[in-house]
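The values are calculated or read from the model by the stated rules, or taken from the named source; none is laboratory data. All figures in this text were calculated on a predicted structure; none of them were measured in a lab. Cβ atoms come from the backbone with ideal geometry, glycine included; neighbour counts cover every protein chain shown. Surface areas here come from the heavy atoms of the whole protein model, side chains and all, with no ligands, DNA or RNA. Shrake-Rupley method; radii C 1.70, N 1.55, O 1.52, S 1.80 Å.
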Amino acid sequence: MPEECIFCRIAAGEVPSDIVYQDEDFVAFRDIFPQAPTHVLIIPKTHITSAARLMEGQQELAGRLIMIARKLAEKEGIAERGYRLVINCGSQGGQQVPHLHLHLIGGRQLSGGLG
Ligand code: DGP
């Protein structure tokens, strides 16, 4: 794991975070700068820099990321009213942390725009 990767350090338990879910391969924790009442980041424990670096053999991992988001949306009580799933990818995509993460955002009315 890259020593300097903040999300690897969160996954390893070296940096505290508000963890809402974890299993052998994934961790989900609340975003430090929440954009909505529910703002959770779901990450693979393995260091993948971005969605652009996903390999063919990681299709299942990518699918599980979304399935975890779906289950967490239910757990957070936002599944019925709706929510947003976002993966920022690369600098023009607005990605700030270079470790693949899926944002689960909801609990308020979100605008229709994509910025
Ligand atoms: P992105 O722009 O897609 O790379 O989003 C990165 C998100 O990560 C941003 O919403 C803030 C969040 N974040 C950055 N550092 C930390 C941290 O140390 N802890 C937590 N919980 N969230 C963080």
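Only the Cβ atoms of Lys and Arg (+1) and of Asp and Glu (-1) were treated as charged; on that basis the dipole of the chain about its Cα centre amounts to roughly 400 debye. Each residue of the range 49-62 was assigned a 3J(HN,Hα) from its phi angle through the Karplus expression (A = 6.51, B = -1.76, C = 1.60, θ = phi - 60°), giving 5, 6, 4, 5, 9, 5, 9, 3, x, 10, 4, 5, 4, 5 Hz with x at Gly and Pro. Judged by the ratio a/c of the largest to the smallest principal axis of the C-alpha gyration tensor, the range 49-101 counts as oblate, that ratio being 1.5 or greater while a/b is no larger than b/c.
From helices alone, the chain scores -6000 deg cm²/dmol at 222 nm; the rule is -39500 (n - 2.57) for each run of n ≥ 4 DSSP H residues, then divide by the residue total. Protection proxy ranking of 16-23, 50-57, by the mean of other Cβ atoms within 10 Å over each peptide's residues and highest first, is 16-23, 50-57.
Remark: the range 1-68 carries 60 Å² of accessible area per residue (probe radius 1.4 Å; ligands, DNA and RNA excluded).
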